[in-house]
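A.B. asks: Sharing a structure, written as structure tokens. Questions coming.
The values are calculated or read from the model by the stated rules, or taken from the named source; none is laboratory data. Here the structure is a predicted model, which is why all the values come from computation and not from measurement. Quick reminder, even Gly has a Cβ in these numbers, built from the backbone with ideal geometry, and neighbours come from all protein chains shown.
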Amino acid sequence: MKRKRSDHIEHYDILESPIGDLYLIFSADSLTGISFSKPGEILLKQTENSSLVKRELSEYFEKLRTEFTCKSTFIKGTDFEISVWNALKNIPYGETKTYKWLATRIGKPHAFRAVGNALGKNPIPIIFPCHRIIESDGSIGGYSSGIDIKRRLLEIEYYTKLSKT
């Protein structure tokens, strides 16, 4: 997940999902965003890479995929934010971790509030699973796209995990 300049021509594709339409944003051949609202002023375009991302996300929603292999790149974000987003890949499917755990994981154990702010800016949710971060007391915490979507994503993973045991 390297960082690119943000002036590349972008395009998007749409995936209808159980949690609503997902707008998949690409720069060249790399996924740079997943949005729950239509992106402005970029072109709707289907590509080979958008087909791969759509297939992997569809498999995830059908409980057939637990990891993603699609190419993704962060084109925005501070070094701190990008370190938080990359650390999300260390949380196994079907598990949750706390904001404090994530802050410690990136070497900033007292920065759990800053971690929460970074998670709210995560440009590639689901692939970089910020929905797996919960409060230390076990409550669900926040989610930039709404608590109902976070709850649904956790239910997809939790019930899949239960069915495999």
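A.B. asks: Does residue 19 satisfy the criteria of being surrounded by 13 or more Cβ atoms within 10 Å (Cβ to Cβ), under 25 Å from residue 90 (Cα atoms) and either in contact with an Asp or Glu (Cβ under 7 Å, 6 or more places away or on another chain) or at pLDDT below 95 (or both)?
C.D. replies: no
A.B. asks: So, one more: Which residue out of 69, 78, 104 is hydroxyl-bearing (Ser, Thr, Tyr), within 14 Å of the chain's Cα centre (by Cα) and surrounded by fewer than 19 Cβ atoms within 10 Å (Cβ to Cβ)?
C.D. replies: Testing whether each residue is hydroxyl-bearing (Ser, Thr, Tyr), within 14 Å of the chain's Cα centre (by Cα) and surrounded by fewer than 19 Cβ atoms within 10 Å (Cβ to Cβ) leaves just 69.
A.B. asks: Next up: Looking only at the stretch 92-111, filter to residues that are assigned to a helix (DSSP H, G or I) and of a type in the set (A, V, I, L, M); which one of those is nearest to residue 156 (Cα to Cα)?
C.D. replies: Selected residue: 102.
A.B. asks: List the pairs whose first member sits in the stretch 19-43 and is within 20 Å of residue 146 (Cβ to Cβ), whose second member is among the basic types (Lys, Arg) and exposed (fewer than 15 other Cβ atoms within 10 Å of the Cβ), and whose Cβ atoms are under 6 Å apart, counting only residues at least 6 apart or on separate chains?
C.D. replies: Note: pairs meeting the criteria are 23/38.
A.B. asks: Which residues, counting only those in the stretch 113-146, are under 24 Å from residue 74 (Cα atoms) and hydrophobic (A, V, I, L, M, F, W, C)?
C.D. replies: 114, 115, 118, 119, 124, 126, 127, 128, 130, 133, 134
A.B. asks: Out of 90, 86, which single residue is without any contact (Cβ under 8 Å) to a residue 60 or more places away in the chain and either polar (S, T, N, Q) or farther than 25 Å from residue 147 by Cβ (or both)?
C.D. replies: Unique residue meeting the criteria: 90.
A.B. asks: Looking at (1) out of contact with any strand residue (DSSP E or B) (no Cβ under 7 Å at 6 or more places or on another chain); (2) farther than 20 Å from residue 150 by Cβ; (3) part of a strand (DSSP E or B), can you tell me which one residue 16 breaks?
C.D. replies: Going through (1) out of contact with any strand residue (DSSP E or B) (no Cβ under 7 Å at 6 or more places or on another chain); (2) farther than 20 Å from residue 150 by Cβ; (3) part of a strand (DSSP E or B) one by one, residue 16 breaks only (2).
A.B. asks: Testing residue 29 on (1) under 16 Å from the mean Cα position of the chain (by Cα); (2) farther than 28 Å from residue 140 by Cα, one condition comes back false. Which one is that?
C.D. replies: Result: residue 29 passes all but (1).
A.B. asks: Those residues that are touching a helix residue (DSSP H, G or I) at 6+ places or on another chain (Cβ under 6 Å) and in a helix (DSSP H, G or I), I need them from the stretch 57-87; list them, please.
C.D. replies: Residues satisfying the conditions are 81, 84, 87.
A.B. asks: Of all residues being touching a Phe, Trp or Tyr at 6+ places or on another chain (Cβ under 7 Å), surrounded by 12 or more Cβ atoms within 10 Å (Cβ to Cβ) and part of a loop (DSSP other than H, G, I, E, B) in the stretch 22-44, which is modelled with the highest pLDDT? Just the residue, please.
C.D. replies: The extreme case among them is 39.
A.B. asks: Hey, among the residues in the stretch 112-165 that are among the aromatic types (Phe, Trp, Tyr) and part of a loop (DSSP other than H, G, I, E, B), which one's modelled with the highest pLDDT?
C.D. replies: Filtering first and then ranking leaves 128.
A.B. asks: Does residue 147 satisfy the condition of being in contact (Cβ under 8 Å) with a residue 12 or more places away in the chain, over 14 Å from the mean Cα position of the chain (by Cα) and over 18 Å from residue 60 (Cβ atoms)?
C.D. replies: No: the conditions fail for residue 147.
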